[in-house]
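A quick write-up on the structure given underneath.
Read the figures in this text as sums done on the coordinates, not as results from a lab. What you are looking at is a predicted structure, and each value in this text was computed from that prediction instead of being measured. Neighbour counts are summed over all protein chains in view; Cβ atoms, including those assigned to glycine, are modelled from backbone coordinates with ideal geometry.
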Amino acid sequence: MSAVDLTQFHKTFFEESREGLDAMEAALLALDSGSTDHELVHTIFRAAHSIKGGAATFGFVDVAAFTHVAESLLEEVRSERRAVDSGLIELLLRSVDCMRAMLERSSQGQPVADAESEALRVELVRLVSGEVAEPAAAAAATAPVSGWNIAFTALPHLLQTGNDPLRLFRELQQLGRLEVVRAFVTDSAPAQLSELDPSQCHLGWELRLHGAVARGDIDAVFDWLDGDCELTIAPLVEAVAAVAMPAPDTAVPKPVAGPRPVRETAAASSEGSSIRVGIDKVDALINMMGELVITQSMLSDIGEKFELSQLPRLRDGLVQLERATRELQDSVMRIRMLPIGSVFNRFPRLVHDLERKLDKRVRLELQGEHTELDKTVLEKIGDPLVHLVRNAIDHGLESPAQRKAAGKSETGTLKLNAYHESGNIVVQISDDGAGLNHAAIVAKAQQRGLIAAGQELNDAEVAELIFQPGFSTAAQATDLSGRGVGMDVVRRNVRDLGGSVGVRSVSGKGSTFTITLPLTLAIIDGLVTAVGSERYIVPLTSIVESLRLRADAVRRIAGGGEVFHFRDEYLPIMRLHRAFACTDAVTEVERGIVVVIEEDGRRVGLLVDDLLGQQQAVVKSLEAHYRRVQGISGATILSDGSVALIVDVGGVVRLGQRSRAA
Amino acid sequence: MAGKRARQQGTGEADAEVSSASSADTAAAAPVLLPADCRMAAQAALKAELLGVLKAGAIVLDGTQVERVDTAALQLLVLFRRELDAQGGTLRWHGTSDALNEAAGLLGLAQLLNLPAEALA
């Protein structure tokens, strides 16, 4: 029909719609907290209106139909024919979620409408047409299901995360009558019993949960299994049969409630190809470019008719060039920097939902939303933060009654703060709850065999325990402080970003989790080392010390490994020239230099020929240009134009440990 | 829930029902005793023991002592039963504890494990 290919605009539409939904959500939450600003209603209406218009234009019929009904409802609110109450806000918030999910599915080319969206749409229609005008009735209509079909297939590593399906099923049982329709062994199971690793899980289930159970409660049960299982949750068919709903198999696998399930992550990384940049940053770039052009023309002017008397001008020009280049570099790097507010923004909603679910009163304070960090880091920090916030509200903050008894205000405070500190970004999540329950943590750790019975631990060591894999107290979240849920996953995620996470807790006063992250993954501070004719860069953050060893300081151990004595321990020596097959390198330990590097508390000494100096290295992916190489995390270009490889400290330490074990 | 009370059923009706396939040669096999703490940590030893008796054909498991059990244990038993079936062997229970019954029932694995039907009530 149209000669214009509309698909080129889809991406923009999705992005704008997501922003619109965020704005709707924020405005709804503001309305909920008692604001009577009429402008908020207009904001919500406008956002819904433009999503409807866009969806209709681009042929997303289902989204348009859904939004249309929501818009009609909002029109009534706007013209003051309908009063705003908490039931209505709740319904609209669910509609926002639903639209968001629909858009997500459209952007992935999946079927858009599902039983849930259809049920919600019918609910909205009823409300608009006045069938159910009473807010109380509307609330009743929010749980129209008589049960849920749950398809749950464990991924092999499920058990290793400390999640046992047995516990999950027990929790489901608390919600309603649980029926196992089918239990089966998955294809991932080894054919021979002898090949079975008992710590791997190869089971799957089709479950039916009977009763008027809220979807959110089921999601909460599977919350911590993000990426550890395949999960589909769909309402039982008869529940909404009256509503001409699509066949149940169109229900798209609902990823586990942790906001980023596996498949969405995949989609997110493919989305990573574009970035929305503030116009001021682009202007700064153009400005800088202009200066560069001026400097360049000035320099070429000098070059054309050069006389020795112009030497000072030439020098001036070069200084200008250098300054402009550096500023340009800064501005370009700043393009990748986004304010952390985009992550913080999802917390008011999360807190709102959790407050209701857990029956607690929470005041959320956000600070430092404008702190900027690299887009890559930003995208990956969301999930760990969500885990920590959930934990803080679930286990950190006490119930209003408990708080009153402890002489605190009934409303707990949860503070999120972000700030820059010496080249790092620090994110703090603090609550004024009960703090970590030391006795319970120690007892749990002993029960899990993480520490020996009777072992004395100081506060820091106790806090460290909650980050241990397998220290999941989810099963007894109520009778223990239960801070260990998924904390090892949080730590792993943060480590993957090159950061660290720690906790400080005062009993009865609250806990503070601190995440420290590098500003960017694109630039690292590195030590340039020479190995033969090659240059290798060792990330500065992992270097403990560099030293020269005497020949007699090196001991040979059985199996051909070499170790040396370093601060009360023996460390393996890793000869870089041997690991990376460099010729003409120094082979006598006493003539080279040993750089002690550390990862995860494990240390290795790297033997290199010489240290050449410290340099900021712009990391270039080796995978993108060549292929993955073990022990190398990337490459960079040195000032003389040659390529230097960046040592992957974790990989090298593992190599070193293995050679010692061998 | 995880009580020690065990249902003994070495003889009787339920027994005949679950092992009708080869009740003749079951008498010869010694029961494999499942440990009281039958969780992840015990699986390596249990697996080795089960592999050892796999060839015997008619296997009797004694689940009376089981106090704590997890999904990993039940999975091991399910896969054991599967392999046993493939070889034409049979699985019979020399009693099961409440904890074992409860866990198998909850996970819907009782049938796959050939647990005595009346234990699942």
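Size descriptors for chain A, from the alpha-carbon set: Rg then Dmax equal 29.4, 93 Å. Modelled spin labels at residue A:160 and residue A:557, positioned 7 Å past Cα toward Cβ, are 2.5 nm from each other.
Give me the inter-chain shielding for B:70-77: mean count of other chain Cβ atoms within 10 Å, whole number please.
For this peptide, the per-residue mean of nearby foreign Cβ atoms is 6.
Here r is the Cβ-Cβ distance between residue A:108 and residue A:318 and R0 is 41 Å; the resulting FRET efficiency, rounded to 0.05, is 0.20.
Starting from 0.36 nm per residue, how many nanometres of slack lie between residue A:16 and residue A:217 once their C-alpha separation is accounted for?
Length gained between residue A:16 and residue A:217: 69.3 nm.
Rounded to whole numbers, the Karplus 3J(HN,Hα) couplings from phi for segment A:167-178 are 5, 4, 5, 4, 5, 4, 4, 5, 7, x, 6, 9 Hz, using 6.51 cos²θ - 1.76 cosθ + 1.60 with θ = phi - 60°, and x at Gly and Pro. With both labels modelled 7 Å from their Cα along Cα-to-Cβ, the residue B:36 to residue A:533 distance reads 7.1 nm. Working ranking of peptides A:352-359, A:499-506 by packing, defined as the average number of other Cβ atoms within 10 Å per residue, highest first, is A:499-506, A:352-359. Taking a straight Cα-Cα cut-off under 14 Å and skipping sequence neighbours fewer than 8 places away in the same chain, the aspartates and glutamates within cross-link reach of residue B:47 are A:195, A:197, B:83.
Sparse packing (at most 12 other Cβ atoms within 10 Å of the Cβ) combined with a DSSP loop state is found for the following trypsin sites (Lys or Arg not before Pro) in segment A:587-658: A:627, A:628.
May I ask you to compute the full-extension gain from residue A:413 to residue A:194, defined as 0.36 nm times their residue separation minus their alpha-carbon distance, rounded to one decimal in nm?
Between residue A:413 and residue A:194, full extension yields an extra 73.5 nm.
Length gained on full extension, residue A:326 to residue A:443: 36.6 nm, using 0.36 nm per residue less the C-alpha separation.
FRET efficiency for the residue A:57 to residue A:545 pair, using the beta carbon distance and R₀ = 60 Å, is estimated at 0.45.
Remark: spin-label model distance residue A:620-residue A:525 equals 2.5 nm, labels positioned 7 Å along the Cα→Cβ axis.
Using only Cα coordinates, the Kirkwood hydrodynamic radius of segment A:523-661 works out to 15.1 Å.
Pop the C-beta distance of residue A:335 and residue B:48 into the FRET formula with R0 = 56 Å and round what comes out to the nearest 0.05.
Details: r = 59 Å, r/R0 = 1.05.
FRET efficiency, residue A:335 to residue B:48: 0.45.
Packing, taken as the mean count of other beta carbons within 10 Å per residue, orders the peptides A:76-82, A:642-648 from highest to lowest as A:642-648, A:76-82.
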